[in-house]
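Here is the structure we will look at.
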Amino acid sequence: MAKIFCIANQKGGVGKTTTTVNLAAGLSQIGQRVLMVDLDPQGNATMGSGVDKRKLEMTVYDVLLEVASIVDVRVHSEKCGYDVLGANRELSGAEIELVPLERREKRLKQALAKVDKEYDFILIDCPPSLSMLTLNGLCAAHGVIVPMQCEYFALEGVTDLVNTIKQVHANLNKDLQIIGLLRVMFDPRITLQQQVSEQLKGHFGDKVFNTVIPRNVRLAEAPSYGLPGVIFDPNSKGAQAFVAFAQEMVGRIL
C-alpha cells in the first residue's frame, strides 16, 4: 500500500510544486516507486516533471469526472523516473463540474485505491486555495507535508492550514494528519529566518523535518528546462538537500 501525501499550503509562492517534483525525483532515485499527481490547473508540476501538459490526451480531470482510470491517464517520465498524473487548464472546469456530483470530494481517493499497490509513495501537488481540488487531495491523503518559508506571514498561513486539516480530519478523513513542516528557500544569513525557524521547532517539535532546503539558484532554474532540480543539477546544494529529505521521509515512514 502506498503512502499518500499532499504537499499543501494555503499561501502561494512557498515552493509547493518545487517540493513535490524534487521529492518525487529524490524518492525515485533511492529506489522508491512514485506517482506524482498534479491537482493544480496551472500544470506546473506536470511540466516540471518533463511532461508537456499541452500534449496530454487525458488528465487528472478525466479521472475526477470518472471518464477514465489512472491506468489510462498516467504517463511515465523517463527523465525523472516516476509516473505522472498530469493536469492542464482543463482542470479548472472540474471545480464547477464536481459541485453537483455524488462523492465529489472522494473521487481522487477512490481512483487512487485501484493503483496504490503499484507504488510506495503517491505525492499530490495541491493548488494554493482551499478548493474542491484541494479537498479531493486532502481526502485521499494519509498526511500533509507543508513546505514553508521562514518568514512572519508564513506562520499565519500554517495556522490556517492546520485548522483546515483539523476540519477535514473531523468530517471527511480520519487518517489525515500533518506529517511534517519543511523549511524551504532558507537563507541562514537572515536573522529573521533563523528566528522563525526556532519558533517553528518550539511550537511543532519533531513535526519539523530535520532537512532544510536552502535558497538555491539551480532549483529555481530547473523548471524552465522541464526538470526537477534533483535531475537538472544533482550536485547543487538544493538537489542534495532534496535527496536527503527523501531519505528522511523514508526513514520516518517505512
The one condition K117 fails out of (1) over 15 Å from the mean Cα position of the chain (by Cα); (2) without any contact (Cβ under 8 Å) to a residue 60 or more places away in the chain is (2)
Taking the stretch 210-248 and keeping residues aromatic (F, W, Y) and either touching a residue at least 40 places away in the same chain (Cβ under 8 Å) or within 12 Å of A25 (Cα to Cα) (or both) leaves F232, F242, F245
Residues of the stretch 43-90 being β-branched (V, I, T) and in contact with a helix residue (DSSP H, G or I) (Cβ under 7 Å, 6 or more places away or on another chain), in sequence order, are T46, T59, V60, V63, I70, V73, V84
Query raised in the report: Quick check, is M249 touching a helix residue (DSSP H, G or I) at 6+ places or on another chain (Cβ under 8 Å) and either closer than 24 Å to D120 by Cβ or buried (at least 19 other Cβ atoms within 10 Å of the Cβ) (or both)?
Result: yes
Note on the stretch 220-254: residues of a type outside the set (G, A, S), in a helix (DSSP H, G or I), in contact with a Lys or Arg (Cβ under 9 Å, 6 or more places away or on another chain) and under 20 Å from E78 (Cα atoms) are I231, F232
Within the stretch 201-222, restricting to residues that are more than 17 Å from A246 (Cα to Cα) and surrounded by 19 or more Cβ atoms within 10 Å (Cβ to Cβ), the one that is farthest from the chain's Cα centre (by Cα) is N216
Test V71 against the stated conditions and say whether it is over 30 Å from D233 (Cβ atoms), of a type in the set (V, I, T) and at pLDDT 95 or above. yes
Checked T19, T46, T59 against criteria (modelled with pLDDT of 95 or more, crowded, with 20+ Cβ neighbours inside 10 Å, farther than 30 Å from R252 by Cα and among the polar types (S, T, N, Q)); the one match is T59
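Tell me whether the stretch 122-144 contains one or more residues that are assigned to a helix (DSSP H, G or I), among the charged types (D, E, K, R) and buried (at least 17 other Cβ atoms within 10 Å of the Cβ).
The answer is no; no qualifying residue exists.
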Residue pairs within 6 Å by beta carbon, gap of at least six or interchain, first lying in the stretch 73-97 and within 16 Å of L112 (Cβ to Cβ), second basic (K, R) and assigned to a helix (DSSP H, G or I), listed first then second, are G86/K53
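The values are calculated or read from the model by the stated rules, or taken from the named source; none is laboratory data. Because the structure is predicted, anything quoted here is derived from the model rather than measured. Neighbour counts run over all protein chains shown; Cβ positions are idealised from the backbone, glycine included.
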